[in-house]
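The values are calculated or read from the model by the stated rules, or taken from the named source; none is laboratory data. The structure displayed is predicted, hence computed values, not measured ones. A quick note on method: Cβ atoms are made from the backbone with ideal geometry, for glycine too, and the neighbour counts reach across all protein chains shown. Heavy atoms of the whole protein, side chains included, go into the accessibility calculation; ligands, DNA and RNA do not. Shrake-Rupley method; radii C 1.70, N 1.55, O 1.52, S 1.80 Å.
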Amino acid sequence: MKFTDGYWLMRPGHTARYAAEVADVRAEDHRLTLYAPVKRVRGRGDTLNSPLLTVECWSPAEGVIGVRTTHHAGAVRPGPEFALPGAEQGVGTVRRDGTVVELASGDLTLRVDTAAPWRLDFTADGRVLTSAGERGTGFVTDAEGRHFVLGQLSLGVGESVYGLGERFTPLVRNGQSVDIWQADGGTSSEQAYKNVPFHLTDRGYGVFVNHPGRVGYEVGSEAVGQVQFSVEDQSLEYFVVHGPTPKRILERYTALTGRPALPPAWALGLWLTTSFTTDYDEATVNRFVDGMAERGIPLSVFHLDCFWMRAYQWCDFEWDADTFPDPAGMLARLKERGLRISAWINPYIAQKSAMFEEGMREGHLVRRPDGSVWQWDLWQPGMALVDFTDPAARAWYTGRLRTLLDQGVDCFKTDFGERIPTDVVWHDGSDPERMHNHYTQLYNRTVFELLREVRGEGEALLFARSATAGGQQYPVHWGGDCESHFNAMAESLRGGLSLGLSGFGFWSHDIGGFEGTPTPTVFTRWVQFGLLSSHSRLHGSTSYRVPWDYGEEAVEVTRAFTLLKHRLAPYLQRAAQQAHTTGVPVMRAMVLEFPDDPAVTTLDRQYMLGDDLLVAPVFTDDGTVEYYVPEGPWTNVLTGAGITGPRWVRERHEVHTLPLLARPDSVIPLGADDQRPVSVWQDGVELRVHAFADGAERTLAIPDTEGPGEAARFRLRRRGDRLHVTTDSRHPWRLRVGGPDGPLHACPAGTGEADLPYAED
């Protein structure tokens with residue numbers, strides 16, 4: 001929030017106190033404690049009747065430095081707190097040189113000159129990354145008696161800020177005021193379902209504010225050369241995370257807060273749902289499944305949205321017997337057709353449900369200070385909220401989910417979790433303001449851990465809407481309620497790229513849009529975008545999203561891009577494994593892959609899918625698309641056309657194509673089986689080689705379908721007009737140079753080495 005009125009004045013009723021100098025320092029082996037008066041001390045009298053800030057500095061992991069500023073240390077801290085599974089003890093080294101004291105961790109150093117005015121310099125590689133200067137450390141009180149602690153870190157000229165969760169406003173956060181506060185605001189406002197108090201910049205560092213409640217950000221919006229973050233509390237803790245590259249920043253941040261689990265490979269296929277308020281029963285489900293099969297569109301997951309339960313009774317986890325008289329039989333019949341089943345749930349209990357009476361009696365529902373159950377009529381009449389801080393409530397809730405898993409459900413769409421009240425009392429005594437954002441972490445973790453327990457490691461999967469810092473551990477997340485037009489499609493992509501820059505590896509969205517009904521053109525273009533995302537789900541609100549409702553071209557495009565995604569499964573699974581092991585997302589803002597190219601700074605209408613594929617969705621009725629191509633010779637995977645960058649491109653694509661470009665010197669593995677996402681990927685794999693320069697070498701791993709390992713490895717080396725390939729694969733494989741019509745070489749099983757001619761055409 002803003003505290004000042006321009007540069008010179010404070011807002012009415014606000015009083016600010018900022019660290020002015022270092023009065024004393026306590027230096028230990030791995031930790032610094034600085035004592036900072038809020039005015040210059042010229043004599044003993046200046047030490048009286050004035051605040052003294054305590055600023056603790058330490059390193060929880062290599063390349064990460066923490067700073068905790070405290071005014072009054074006696075404040076009660078009831079929690080919750082973010083878990084930091086990657087935090088270590090004894091990291092970092094303190095050294096002194098005259099009046100200068102430093103804390104070093106990896107290549108990152110915090111430098112303080114105790115004889116100079118207050119300033120914290122974070123340096124790496126001989127340069128200052130960012131600093132907390134004159135107004136960089138302090139607290140503010142207002143006329144209502146509220147107390148805020150703030151941090152303010154400098155921005156360099158031209159420095160761009162990214163992250164802060166899944167935000168649908170422009171990708172670069174500069175000039176924006178952002179509140180980290182969960183809200184159910186759709187995709188067309190400044191509100192967000194997934195608020196993460198972490199940002200990174202293109203100058204080699206990120207900052208994580210370790211506070212689960214409301215954090216107010218002014219990103220070059222109060223002081224244009226500063227990022228300010230503030231909390232209503234007596235202390236503020238933040239971590240500066242060194243890169244130097246954006247990928248390395250994400251690696252270190254997710255190592256600290258938790259890496260994404262690896263979703264099962266079957267989830268890469270196409271998901272189809274009943275939509276939300278449409279009429280459906282088992283006959284409708286069968287009509288949809290049969291319709292996809294008749295049109296040659298393979299389907300991997302079928303999702304049953306809210307009305308698999310009875311109206312007014314969400315969530316009691318009881319099937320609507322009038323609509324689904326034999327749920328276990330229906331699920332068995334769907335699974336016989338090779339489908340996985342997803343079911344919609346949320347953490348709210350409607351008053352009409354028998355679970356409400358049981359939960360109220362057993363104390364499993366969140367209560368008000370007077371002991372009554374918290375309720376309202378928004379969303380479901382008289383709905384209450386499960387208290388996930390209570391182990392008994394968690395067991396009660398997951399006990400109902402176990403029944404569904406026994407019936408054949410494979411995964412859950414964990415909807416909602418944002419509208420969490422603050423006028424309540426939690427079982428474990430948590431602070432209501434801090435729990436507002438953090439509730440989703442408990443909710444998603446509870447369901448995810450149940451799935452991992454019942455289905456096994458590597459099979460747990462959510463389709464979650466809300467999240468906060470650390471929520472990346474429980475994938476997948478989707479973008480929430482968007483409208484059904486091109487603007488909503490573009491804002492959804494911005495949100496997904498922003499979430500990826502906030503440490504989340506997997507992201508999806510409602511293909512075709514949620515609210516309203518898309519035009520055939522919007523639907524078809526959204527299908528292309530959706531099937532070139534990490535996970536792909538057709539879903540709507542009041543209208544179905546079966547392709548034939550949008551015309552024959554929509555059917556053809558859905559079929560073609562579903563088959564393409566299946567062939568790309570080994571490539572996508574490798575990108576998923578990278579997200580799991582490094583925290584780098586499957587769908588990547590261009591700045592992640594090309595941090596040294598100033599042209600990519602603001603790009604939010606295109607992205608990299610994994611390491612080597614550039615995707616530029618089409619957002620126009622006439623197929624016109626503008627996109628940027630980085631340096632080098634790129635190849636359109638669909639058409640074989642070559643484009644050499646760096647340059648901007650404006651071109652028109654017919655409905656069956658879009659810009660899908662392979663990076664120079666890339667090798668894209670294409671599976672032989674286009675009918676399902678999971679197959680023996682190394683058997684008959686086609687290695688698609690693109691613009692391989694003379695002297696280039698590349699090692700390619702084909703993932704194992706059974707887990708995070710690899711099934712086969714190929715090494716490719718070009719020397720002149722020959723391409724030498726070595727492999728440990730025992731299966732036949734093929735190699736194609738260039739686009740889909742390029743020269744093809746077939747290699748039989750057991751070919752450990754091959755020396756092949758290299759020609760682009």
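Here the accessible area is traced with a 1.4 Å probe on the protein chains. For the chain, carbon and sulfur cover 47 percent of it. In the stretch 218-260, the inverse of the mean reciprocal separation of distinct Cα atoms equals 12.6 Å; this is its Kirkwood hydrodynamic radius. Bridgeable lysines around Lys413 (alpha carbons under 23 Å apart, same-chain partners fewer than 8 residues away excluded): Lys194, Lys335, Lys352, Lys565. Mean silhouette area of the stretch 522-609, derived from the convex hull of its C-alpha atoms and averaged over all directions, reads 7.2 nm².
Projected onto its three principal axes, the C-alpha set of the stretch 350-421 covers 40, 24, 22 Å, listed from the longest axis down. Measuring nothing but how far apart in sequence close Cα pairs (under 8 Å, 6+ apart) lie, relative to its length, the stretch 512-653 scores a relative contact order of 17 percent.
Largest first, how would Val680, Val546 line up by accessible area (1.4 Å probe)?
On the way: Val680 80, Val546 0 Å².
So, going from the largest accessible area down, we get Val680, Val546.
Under Stokes-Einstein, with the Kirkwood radius over Cα pairs as Rh, the value for the stretch 171-315 at 25 °C and 0.890 mPa s is 126 µm²/s. When you work out D = kT/(6 pi eta Rh) for the stretch 461-618 at 37 °C and 0.692 mPa s, using the Kirkwood radius from C-alpha pairs as Rh and the Stokes-Einstein form, the result is 208 µm²/s.
For the stretch 300-349, the Cα gyration tensor yields ellipsoid semi-axes of 21, 13, 7 Å (square root of five times each eigenvalue, largest first, whole Å).
Averaging 1/r over every pair of different alpha carbons in the stretch 63-164 and inverting the result gives a Kirkwood radius of 16.3 Å. For the stretch 414-469, the equivalent ellipsoid derived from the Cα gyration tensor has semi-axes of 25, 12, 8 Å, listed largest first.
Tell me the angle of helix 569-582 to the major Cα principal axis of the chain, expressed in degrees between 0 and 90 and rounded to the nearest ten. Result, in degrees: 20. Between 0 and 90 degrees, rounded to the nearest ten: what's the tilt of helix 327-336 against the longest Cα principal axis of the chain? That works out to roughly 60 degrees.
Where a Cα-Cα gap under 20 Å defines reach, which aspartates and glutamates qualify for Lys2, not counting those fewer than 8 residues away within the same chain? Output for Lys2: Glu134, Asp142, Glu144, Asp179, Glu190, Glu218, Glu222, Glu232, Asp233, Glu237, Glu433. Panel values: the stretch 225-289, Kirkwood radius from alpha carbon pairs, Stokes-Einstein at 20 °C and 1.002 mPa s, translational diffusion coefficient 122 µm²/s. In vacuum, with every alpha carbon of the stretch 386-453 counted as one equal point scatterer, what does the Debye formula give for log10 I(q)/I(0) at q = 0.17, 0.26, 0.27 Å⁻¹? Two decimals, please. So the normalised log intensities work out to -0.63, -1.20, -1.26.
I'd like the distance between the alpha-carbon centres of the stretch 73-94 and the stretch 673-727, rounded to an integer number of Å. Distance between centres, Cα-based: 44 Å.
With axes computed from alpha carbons, what is the tilt in degrees of helix 432-455 against the longest principal axis of the chain, rounded to the nearest 10 within 0 to 90? That works out to roughly 40 degrees.
If you scale each eigenvalue of the Cα gyration tensor by 5 and take the root, what three semi-axes come out for the stretch 1-133, rounded to whole angstrom and sorted largest first?
Numbers: eigenvalues 138, 80, 54 Å².
So the three semi-axes of the stretch 1-133 are 26, 20, 16 Å.
Taken per residue, the accessible surface of the chain reaches 36 Å², heavy atoms only and a 1.4 Å probe.
Helices in the chain, meaning DSSP H runs of at least 4 residues, each add -39500 (n - 2.57). Divided by all residues, the mean residue ellipticity at 222 nm is -6000 deg cm²/dmol. With the Kirkwood sum run over all distinct C-alpha pairs, the stretch 15-73 has a hydrodynamic radius of 12.5 Å. Packing here is the average count of other Cβ atoms within 10 Å per residue, and on that basis the peptides 746-755, 467-476, highest first, run 467-476, 746-755. Based on alpha-carbon atoms, the Kirkwood radius and the radius of gyration of the chain give Rg/Rh equal to 0.99.
Across Glu134, Glu552, the residue with the most accessible area heads the list, and the full order at a 1.4 Å probe is Glu134, Glu552. The three principal axes of the C-alpha atoms in the stretch 625-710 carry coordinate ranges of 42, 37, 20 Å, sorted with the longest axis first.
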